[in-house]
Structures are given as C-alpha cells and as structure tokens.
Ligand SMILES: NC(=O)C1=CN([C@@H]2O[C@H](COP(=O)(O)OP(=O)(O)OC[C@H]3O[C@@H](n4cnc5c(N)ncnc54)[C@H](OP(=O)(O)O)[C@@H]3O)[C@@H](O)[C@H]2O)C=CC1
Ligand SMILES: CCCCCCCCCCCCCCCC(=O)OCC(=O)COP(=O)(O)O
C-alpha cells in the first residue's frame, strides 16, 4: 500500500486524469455493471499495483477526491449526451428513410393471392384505394368477382385514379402444372408485376400421431410450394426489369412452433427460411422481400383449417375471434411495402416474448409448450 501511496502522491497531472477516468469506470461498473470494468480493473491494478475496490477508495480519500461524486458526474456528463445524440441520429435516419424511400403504389401492378377473403380481401381494398392495378387470385372465380364488384362500388374521397381489378383463378397447391400457367396469365394482364403479395394459405388443427402424411403434404403445398412456385415463375421478369417487391404473409408460427399445428408451423417456418434466402440473393437486382408474421387475425382461417384426416375443422376459435381486424393488418402490409420493410412481427406481447424466449431460453420455451400440449390434449389421445 505504501508503494501505491507513493505513486499516487507523485503522479503527474496526466496520470491524475487517467486515474480519475479509471475511477469513473469503476464507479460506472459498480452502479450499472458497465463491461469496461473488466478492462479497467487490470489496468488500474498494473498501474497502481493495488486491488481496485478497497485500495482505490483508500487512495482517493488520501488524495482528497470525492471520487464517487466526481466520477459519476464525469461519466454521466459524457454518456448521457452521447446516448441522446445517438438516439437522435437513429430517429433522424429513420425519418429520412421514410420520406425518401416511400415506394409508389399508384399505377403499380400488384398481385394478391388469397384475395377472395380475410386478409387478402382487405389487402385488395387498401392497394386498390392507393391506386394499384390489381390482379386478384383465388380458387373461386365467383368469390373473386364479388371482391371486384365491391372495390368498384366503394369509393374513397381521394382524387386518386383507380383501376378495375383483373382476376386469375387457380389452385396454388397444384404446383406441377397450374401455378406456372397462372403466372403466365398474370403476366399477360399488364406485361409485368411490380408487387407480388403471397397471402393465400390454410391452417391445420391436429395431433401428429393421428395426422395422415397427405395432410402434412397438402398444407405444405398450399402454404409453401405454391407460393414459392409462383414467386419463381414471376421472378425472371422482375430480374430483367431490375425492379420488384415480393411480400409473403407468414405467421408468428413461422418463428415459433406451438402444439397441434405441426403442418402449419412447418410450412410457415419453411416460408420464412426460403424468403430470407431470397432477400439476400435478390438484393443486387433491386428486388425487395418482405416477410410479415402476424399473430391472430379475425378471418376464416380457423374455419377453413384442415384436420388430421383432411376434413374441414369448421370452428371459429376464440383466439381467431379475438384476433386483429384484418383491415388494420392490411394497412401494415401497405406500409411495409411503402417502406420496403424486410421482416415484421405483428403480434401481442406474449407471442412476441415467446419468439425471443425460443431463441434466448429454448429449454423454458419447450417446457411451456409441453405444458400447453398436455392442457390442450385432443380427445383421441385420451
Ligand atoms: N387469420 C390469422 O389468424 C392469421 C393468418 N395468417 C395468414 O394470413 C394468410 C391469409 O389467411 P386469412 O385471410 O387469415 O384466411 P382466410 O381463410 O380468410 O383466407 C385464405 C385465402 O387463401 C386462399 N386459398 C386457400 N387455399 C388456396 C389454394 N389451394 N389455392 C389458392 N388459394 C387458396 C383462399 O381462397 P379460396 O378459398 O377462395 O380459394 C382465401 O382467399 C394466410 O397465409 C395465413 O396463414 C397469419 C397469421 C394469423
Ligand atoms: C416467463 C414468461 C414466459 C412467457 C412466455 C409466454 C409463452 C406464450 C406462448 C404464446 C404462443 C402464442 C402463439 C401465437 C400463435 C399465433 O398468433 O398464430 C398466428 C396464426 O397463424 C394463427 O393460426 P391458427 O390456425 O393457429 O389460428
């Protein structure tokens, strides 16, 4: 300790500054667990030859330094403006991006799959109102024509030019022939596609033990192979034009898997993976990829879901009834296209928390899901 005292009493002004700086870091680490602690401790030890906690305290007192006080002031004086300045810069950057990058929807050719109901129908409404030239897709031409009539009759107050939507009818799950032919028909409508919204999909309710493999395959065909086949058929035209935007409506279940949804969650995980790869591969062609992962939406999804034997589930679940209004979700999709967002999770606190827990604390997530599976056990298991 004498040796340390000697050093401190004899230090130059410069050393004093360093000494104070290290104390500041020490204090910061004590108060907020700053990681510099690890770095500063050995530095102080080697510089002053003492152990930092008690000895520096002692040395400061001898030097007449109110070190807790001085150091906090110095640290806060430097860190707070830095943090606020940084935050300001980030906000400014985002603001500039919003103003600068707003993609133009007026006259854009927008293809929407699953446009006959639910979220797809609401997307048709918002993109139509924004002046897009729509190509609406589904399996049932009559239902698509209902949407066309509705869009033609509803007028919003803007002076924007709107267009009568075209329709292309096909089954997405028939990837061997139909999808490629449908892509050609879509391209014939306006000669190109600016924005493809892969929205169509079906859900599933079932216990894996009782689910026929053909059901797993059918959900995968509709939710994964269909959309990727359509995307790949339309891509060459986008690549040639060095322009395009591909949106896919995935689900929170593309990020986490919950019990009795194997086919659906698997198809949405595959979707997320494929479109993440696509985004990276297409960036240099100026083609954007947006994955939207909503939580529950109030649509016919659960009514139309298939069960393990392929029959229709036919029930509107409470979670669906309590879900978001599809109009609001459609607005988010429009904004995501305008801002060229890459990945959006649109869910409540618990599902969002669950996404993080799945990554950061998987054991807890698996435990929670196993408990949930036991609670929701289907009658056939009992
Ligand atoms: N509702 C929810 O809670 C959530 C939904 N999503 C996703 O949103 C998307 C839209 O679903 P949502 O609006 O909720 O459900 P809906 O059941 O209301 O709509 C599904 C749409 O997909 C179309 N579709 C289904 N199967 C096929 C097929 N084989 N070929 C072509 N079109 C098909 C249907 O058209 P038609 O029957 O006329 O052919 C319908 O227009 C889905 O991808 C879904 O996974 C994501 C998260 C939550
Ligand atoms: C220590 C605190 C831990 C808190 C963790 C909470 C874990 C809660 C789990 C929440 C699971 C949310 C699942 C959400 C599923 C969802 O929103 O899916 C959207 C859909 O695609 C709906 O399709 P479906 O056919 O299933 O109706």
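The values are calculated or read from the model by the stated rules, or taken from the named source; none is laboratory data. Given the structure is predicted, the values throughout are model-derived calculations rather than measurements. Cβ coordinates were reconstructed from backbone atoms using ideal geometry, including for glycine residues, and neighbour counts include every protein chain displayed.
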**Message:** When you check residue 332 against the structure, is it at pLDDT 95 or above, more than 16 Å from ligand 2 (Cβ to nearest atom) and under 13 Å from residue 247 (Cβ atoms), yes or no?
**Reply:** no
**Asked** For region 163-208, what are the residues that are assigned to a loop (DSSP other than H, G, I, E, B) and more than 9 Å from ligand 1 (Cβ to nearest atom)?
**Response** 163, 164, 165, 175, 176, 177, 191, 192, 193, 194, 206, 207
**Item:** Among the candidates 160, 217, residue that is outside any strand (DSSP E or B) and within 13 Å of ligand 1 (Cβ to nearest atom)
**Value:** 217
**Message:** Given the criteria more than 22 Å from residue 269 (Cβ to Cβ), more than 21 Å from the chain's Cα centre (by Cα) and more than 16 Å from ligand 2 (Cβ to nearest atom), does residue 233 qualify?
**Reply:** yes
**Request:** Would you be able to tell me the number of residues in region 236-274 that are farther than 23 Å from residue 185 by Cβ and away from ligand 2 (no atom under 16 Å from the Cβ)?
**Result:** 3
**Message:** Would you confirm, using the coordinates I've provided, whether residue 151 is touching a residue at least 60 places away in the same chain (Cβ under 8 Å) and part of a helix (DSSP H, G or I)?
**Reply:** no
**Request:** Inspect region 115-130 for any residue being within 16 Å of ligand 2 (Cβ to nearest atom) and part of a loop (DSSP other than H, G, I, E, B) and give the result as yes or no.
**Result:** yes
**Request:** State yes or no: is residue 204 surrounded by fewer than 20 Cβ atoms within 10 Å (Cβ to Cβ) and in contact with a strand residue (DSSP E or B) (Cβ under 8 Å, 6 or more places away or on another chain)?
**Result:** no
**Asked** Looking only at region 285-342, which residues are part of a loop (DSSP other than H, G, I, E, B), surrounded by 21 or more Cβ atoms within 10 Å (Cβ to Cβ) and away from ligand 1 (no atom under 14 Å from the Cβ)?
**Response** 308
**Item:** Selection count, region 129-155, where residues are at pLDDT below 95 and within 14 Å of ligand 1 (Cβ to nearest atom)
**Value:** 0
**Asked** Which number in (1) surrounded by 19 or more Cβ atoms within 10 Å (Cβ to Cβ); (2) away from ligand 1 (no atom under 14 Å from the Cβ); (3) closer than 28 Å to residue 107 by Cβ; (4) over 18 Å from the mean Cα position of the chain (by Cα) marks the one condition that residue 211 misses?
**Response** (3)
**Prompt:** Residue check: is residue 358 in contact with a helix residue (DSSP H, G or I) (Cβ under 8 Å, 6 or more places away or on another chain), within 30 Å of residue 280 (Cα to Cα) and surrounded by fewer than 17 Cβ atoms within 10 Å (Cβ to Cβ)?
**Reply:** no
**Request:** Enumerate the pairs (first residue in region 307-327 and touching a residue at least 40 places away in the same chain (Cβ under 8 Å) and more than 18 Å from residue 119 (Cα to Cα); second residue anywhere and assigned to a loop (DSSP other than H, G, I, E, B) and within 13 Å of ligand 2 (Cβ to nearest atom)) with beta-carbon separation below 6 Å, excluding pairs fewer than 6 apart on the same chain, so at least 6 apart or on different chains.
**Result:** 307/206; 307/313; 308/206; 313/305
**Asked** Counting only residues that are more than 16 Å from ligand 2 (Cβ to nearest atom) and surrounded by fewer than 19 Cβ atoms within 10 Å (Cβ to Cβ), which one in region 214-227 is farthest from the chain's Cα centre (by Cα)?
**Response** 214
**Request:** Name the residue, out of 378, 367, that is modelled with pLDDT under 95 and out of contact with any helix residue (DSSP H, G or I) (no Cβ under 7 Å at 6 or more places or on another chain).
**Result:** 378
**Prompt:** Is there any pair linking a residue in region 170-190 that is surrounded by 19 or more Cβ atoms within 10 Å (Cβ to Cβ) to one that is outside any helix (DSSP H, G or I), with Cβ under 6 Å and at least six apart or on different chains, and which?
**Reply:** 172/200; 182/168; 182/170; 186/111; 186/135; 186/168
**Asked** Given the conditions (1) more than 10 Å from ligand 2 (Cβ to nearest atom); (2) more than 15 Å from residue 345 (Cα to Cα); (3) out of contact with any strand residue (DSSP E or B) (no Cβ under 7 Å at 6 or more places or on another chain), and given that residue 307 satisfies all but one, which numbered condition is not satisfied?
**Response** (3)
